[in-house]
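The values are calculated or read from the model by the stated rules, or taken from the named source; none is laboratory data. Quick caveat, the model's predicted, so the values are computed rather than measured. Cβ: placed from backbone, ideal geometry, glycine included. Neighbour counts: every protein chain shown.
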Amino acid sequence: MRIRDFRIHPIAMADPPLRSSYGLHQPYALRNVIELESDDGVTGIAETYGGDEPARALEAIREQVIGACPYRLTGDLSPMIDGGAAGLERSQTHRVPGENPLDADARTYATIETACLDLIGKSVGKPVCDLIGGRVRDKVPFSAYPFYKHAGGGGEGDDIRDDEYGEALTPESLVGQVQQMRGQYGFGSIKFKGGVLEPEIEIETVRQLRQALGQAVPLRIDPNCAWSVDTSVKVGQALAGELSGGGYLEDPCVGLDGMAEVRQRLLADGIETPLASNVAVTSFGDIPEAVRLDAVQVVLCDHHYWGGMRQVQQLARVCQTFGIGLSMHSNSHLGVSLMAMAHVASTTPHLTYACDTHYPWQSATDEIVEGGRVPIVDGCVEIPEKPGLGVTLDPDQLARGRERFRNCPYRKRDDEAEMQRHIDPNWTRKLPRW
Ligand code: MG
């Protein structure tokens, strides 16, 4: 079997005005979707970061992809993950995920790996999870991902969307958003995006969430490095009770040294809240120092930038070895990515937290998989008994996504520019802000 065609589809999907320490989400989130078609007419698909840069990086390896055997292509491309940031080089970054130049090769490789696995799975009639070691669970738990947000549902001009969740810029409205999301999807854990309002307001938000949801629902907060070490410690102290019972404090401040100091000071107070990260540990090269400093107790994996599903499986084993928990990071995405995330998570015994997903923030209008949105039931995505990733592309919906991309002015994610356009012309990302 040889790959005879390699198609790259830049697409855009409506995205509501969500806030984080990076700024404000643009009205469209961007993705690239690829198809690898074999000479016997089977097509493998994958979804990755959007915009021009990732598309160019994929285009740059076209010559190696065309004519390659899908069983061997990832071996041929393995220098992309062996030597660089996904190997033993450290890639720590505070940039928007997907914009870190140090793991660009790992992202490109991961896209090809996913599409090859889908192609192989569809060719032999087996699900991807069962090709990469076999599933240990059929249902993968995901967490609700509430954000402070402005009014609006995303999209622009005559493509403007309904605002399903409404504005949420207070503790009360954020709790309302979580209850609505839980009502619809049944999520059993909450990952709350902070780093947006004064820490006191965010502390109050988490307290109200705890009060509204009871003790059984794990709560996490992720301010994306917006706090100083002192503020991180204060929030950790204030929320010691709320974040216990399966929660964590994610990337409160910048860097392993800062995280280590927060950890030591919280432990000195008898507070064992784990610190999680998808920023301070983004490559295998970061792990020795993170372990030495006890800076990170939970790593958020992401096959999109860790160099693919098999790298995530290796990461899980390394984390288990060092007694570090494993969760999963998410970016705005559609159903192809959701299924890839679910497949790798289903094969990972050491997955100690429900995975993140932005999926509730996207809608059926933008979904590109045949049959529409992937169901999330009782907070879980079920692995279907279908070959490959279990999804195929809807060509009409894909064409609409491409048209949306052509018509919109955005070519990369830029939350800072969007913040300046709509909220404050002088706003810049400042770390720490508080
Ligand atoms: Mg994070």
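Summary of values
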item: Residues satisfying the stated conditions in the stretch 280-301, i.e. surrounded by fewer than 24 Cβ atoms within 10 Å (Cβ to Cβ) and touching a residue at least 60 places away in the same chain (Cβ under 8 Å); result: Phe284, Gly285, Asp286, Glu289
item: Members of the stretch 279-294 found to be within 16 Å of the ligand (Cβ to nearest atom) and at pLDDT 95 or above, listed by number; result: Ala290
item: Residue check, Met1 within 30 Å of Val254 (Cβ to Cβ) and not in a strand (DSSP E or B); result: no
item: Helices (runs of 4 or more DSSP H) lying entirely in the stretch 92-195 (those with 3 or more residues that are β-branched (Val, Ile, Thr)); result: 104-124
item: All positions within the stretch 347-387 that are within 16 Å of the ligand (Cβ to nearest atom) and charged (D, E, K, R); result: Asp356
item: Residue in the stretch 336-352 that is in contact with a helix residue (DSSP H, G or I) (Cβ under 9 Å, 6 or more places away or on another chain), under 22 Å from Asp163 (Cα atoms) and not in a helix (DSSP H, G or I) present; result: no
item: Candidate set: the stretch 1-52, residues that are among the small types (Gly, Ala, Ser) and over 18 Å from Leu338 (Cα atoms); chosen: the one surrounded by the most Cβ atoms within 10 Å (Cβ to Cβ); result: Gly23
item: Residue match in the stretch 191-203 (condition: under 23 Å from Thr365 (Cα atoms) and in contact with a strand residue (DSSP E or B) (Cβ under 7 Å, 6 or more places away or on another chain)); result: no
item: Hits in the stretch 390-434 (condition: assigned to a loop (DSSP other than H, G, I, E, B) and without any contact (Cβ under 8 Å) to a residue 12 or more places away in the chain); result: Pro409, Asp424, Pro425, Asn426, Lys430
item: Residue ID - farthest from the ligand (Cβ to nearest atom), chosen from residues in the stretch 295-313 that are of a type in the set (S, T, N, Q) and in a helix (DSSP H, G or I); result: Gln313
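A quick yes/no check of all residues on (1) modelled with pLDDT of 95 or more; (2) closer than 27 Å to Ile190 by Cβ; (3) within 24 Å of the chain's Cα centre (by Cα); (4) charged (D, E, K, R):
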residue: Pro384; (1), (2), (3), (4): yes, yes, yes, no
residue: Gly388; (1), (2), (3), (4): yes, no, yes, no
residue: Asp394; (1), (2), (3), (4): yes, no, yes, yes
residue: Gly401; (1), (2), (3), (4): yes, no, yes, no
residue: Glu418; (1), (2), (3), (4): yes, yes, yes, yes
residue: Thr428; (1), (2), (3), (4): yes, no, yes, no
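Yes or no, residue by residue, for (1) within 20 Å of Ser327 (Cα to Cα); (2) out of contact with any helix residue (DSSP H, G or I) (no Cβ under 6 Å at 6 or more places or on another chain); (3) more than 16 Å from the ligand (Cβ to nearest atom):
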{"residue": "Phe192", "(1), (2), (3)": "yes, yes, no"}
{"residue": "Val196", "(1), (2), (3)": "no, yes, no"}
{"residue": "Pro199", "(1), (2), (3)": "no, no, yes"}
{"residue": "Glu202", "(1), (2), (3)": "no, yes, no"}
{"residue": "Ala216", "(1), (2), (3)": "yes, yes, yes"}
{"residue": "Leu243", "(1), (2), (3)": "yes, yes, no"}
